[in-house]
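The values are calculated or read from the model by the stated rules, or taken from the named source; none is laboratory data. Since we're looking at a predicted model, the values are computed, not measured. Cβ atoms come from the backbone with ideal geometry, glycine included; neighbour counts cover every protein chain shown.
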Amino acid sequence: MNEDFLIGLISQNAIYLLGAIFLIVIIFKGVHIVPQSEKFVIERFGRLHSVLGPGINFIVPLLDAVAHRISILERQLPSASQDAITKDNVLVQIDTSVFYRITEPEKTVYRIRDVDAAIATTVAGIVRAEIGKMDLDEVQSNRTQLIGQIQASVEDAVDDWGIEVTRAEILDVNLDQATRDAMLQQLNAERARRAQVTEAEGSKRAVELSADAELYAAEQIAKARRIQADAEAYATEVVAKAIHENGIEAAQYQVALKQVEALNALGNGEGKQTIVLPAHAIEAFGDAFKLLKGGK
């Protein structure tokens, strides 16, 4: 009797223990803590059931299972190079890099197998299409605009995959050697043309400055002559006015003054202390002195 009771008690405790273990397993399987950088895709009987976000989540054990753990961090595709032909038939090699992140994991895991390869292929096709619409000079000078167009086109193409393209970059635009040589020759020719234009403009400017200088000099000479003529005219006017007002005596006075000045100049010269003059000249000077004395 005691043995049967003991056996029953042990059996009952074992059942309780198994029940507790089962309950612990159920709870462990039903509770999931999702990291901040991930999302869990839950399947029920092989079909998509839900997507668990960061934090504590509960699922139905034995019915639901975590099928995919998807990182939602931003990713960078490996740098890729693709050949493209511009609108003016120049072969270029474009090095690109794309950054993206998964926003809807349920679309990514069920609609595309290899996300990186799919995006790389899409980018290559879009780059070739966009480059084909532009000349080489436009590719070089409008790189920012080209990057924006590529990013917008890639975003439209991958929208059904639950992906957001955060950034697209053109790392480099490479040309073949023949094209580089041709561009170098063109650049040298353009530099030579600019040098010739600069030299011609300098020569033209020098001629213009020389002509301006000559014109200025001629204007100054003409102005000086005009001033001198105005002065002589003024002096003549003054003399004429004096003769008109004072008669012939004013004219004789001026002549006498000039004769005295000439005599002083002759007397002050070196080696000319003795001066021989005709008699009529002495009389003329005498008359001059009388006029000067009378004038005073």
Going by what's in this entry, would residue 84 be described as assigned to a helix (DSSP H, G or I) and closer than 21 Å to residue 149 by Cα?
no
Residue 113 fails exactly one of (1) assigned to a helix (DSSP H, G or I); (2) free of Cβ contacts under 8 Å to residues at least 24 places away in the same chain, namely (1)
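Within segment 126-136, is even one residue within 22 Å of residue 165 (Cα to Cα), part of a loop (DSSP other than H, G, I, E, B), not aromatic (Phe, Trp, Tyr) and not assigned by TED's automatic domain parsing to the domain that holds residue 28? I'd like the intermediate steps shown before the answer.
The first filter runs over segment 126-136 and keeps only residues within 22 Å of residue 165 (Cα to Cα), leaving 126-131.
Next cut, part of a loop (DSSP other than H, G, I, E, B) only: none.
Among the residues of segment 126-136, not one is within 22 Å of residue 165 (Cα to Cα), part of a loop (DSSP other than H, G, I, E, B), not aromatic (Phe, Trp, Tyr) and not assigned by TED's automatic domain parsing to the domain that holds residue 28, which makes the answer no.
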Qualifying residue in segment 32-50 (condition: assigned to a loop (DSSP other than H, G, I, E, B) and aromatic (Phe, Trp, Tyr)):
yes
Enumeration of residues in segment 160-210 that are assigned to a helix (DSSP H, G or I) and of a type in the set (S, T, N, Q):
177, 179, 185, 186, 188, 196, 198, 203, 210
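Could you please find all residues in segment 120-129 being in contact with a strand residue (DSSP E or B) (Cβ under 6 Å, 6 or more places away or on another chain) and crowded, with 18+ Cβ neighbours inside 10 Å? Before you say what the answer is, go through the steps one by one.
Step one: of segment 120-129, the residues in contact with a strand residue (DSSP E or B) (Cβ under 6 Å, 6 or more places away or on another chain) are 120, 123-124, 127-128.
Those that are in contact with a strand residue (DSSP E or B) (Cβ under 6 Å, 6 or more places away or on another chain) and crowded, with 18+ Cβ neighbours inside 10 Å: 123, 127.
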Within segment 168-218, the residues that are over 30 Å from residue 76 (Cα atoms), charged (D, E, K, R) and within 26 Å of the chain's Cα centre (by Cα) are 180, 190, 191, 193, 194
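Kindly indicate whether residue 155 is over 30 Å from residue 42 (Cβ atoms) and at pLDDT below 90. Can you show your working first?
Values: over 30 Å from residue 42 (Cβ atoms): no; at pLDDT below 90: yes.
Answer is no for this residue.
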Candidate set: segment 90-111, residues that are over 15 Å from residue 172 (Cα atoms) and within 28 Å of the chain's Cα centre (by Cα); chosen: the one surrounded by the fewest Cβ atoms within 10 Å (Cβ to Cβ)
99
Can you tell me which residue within segment 50-68, out of those that are surrounded by 15 or more Cβ atoms within 10 Å (Cβ to Cβ) and among the small types (Gly, Ala, Ser), is nearest to residue 109 (Cα to Cα)?
67
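Take segment 140-165 and flag every residue that is within 30 Å of residue 187 (Cα to Cα) and surrounded by fewer than 21 Cβ atoms within 10 Å (Cβ to Cβ). So that I can check it myself, show each step before the final result.
Quick first cut of segment 140-165, residues within 30 Å of residue 187 (Cα to Cα) only: 140-150.
Matches in segment 140-165: 140, 141, 142, 143, 144, 145, 147, 148, 149.
For (1) within 16 Å of residue 170 (Cβ to Cβ); (2) at pLDDT below 90; (3) surrounded by fewer than 19 Cβ atoms within 10 Å (Cβ to Cβ), each residue gets a yes or a no:
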residue	(1), (2), (3)
88	no, yes, yes
113	no, yes, yes
131	yes, yes, no
137	yes, yes, yes
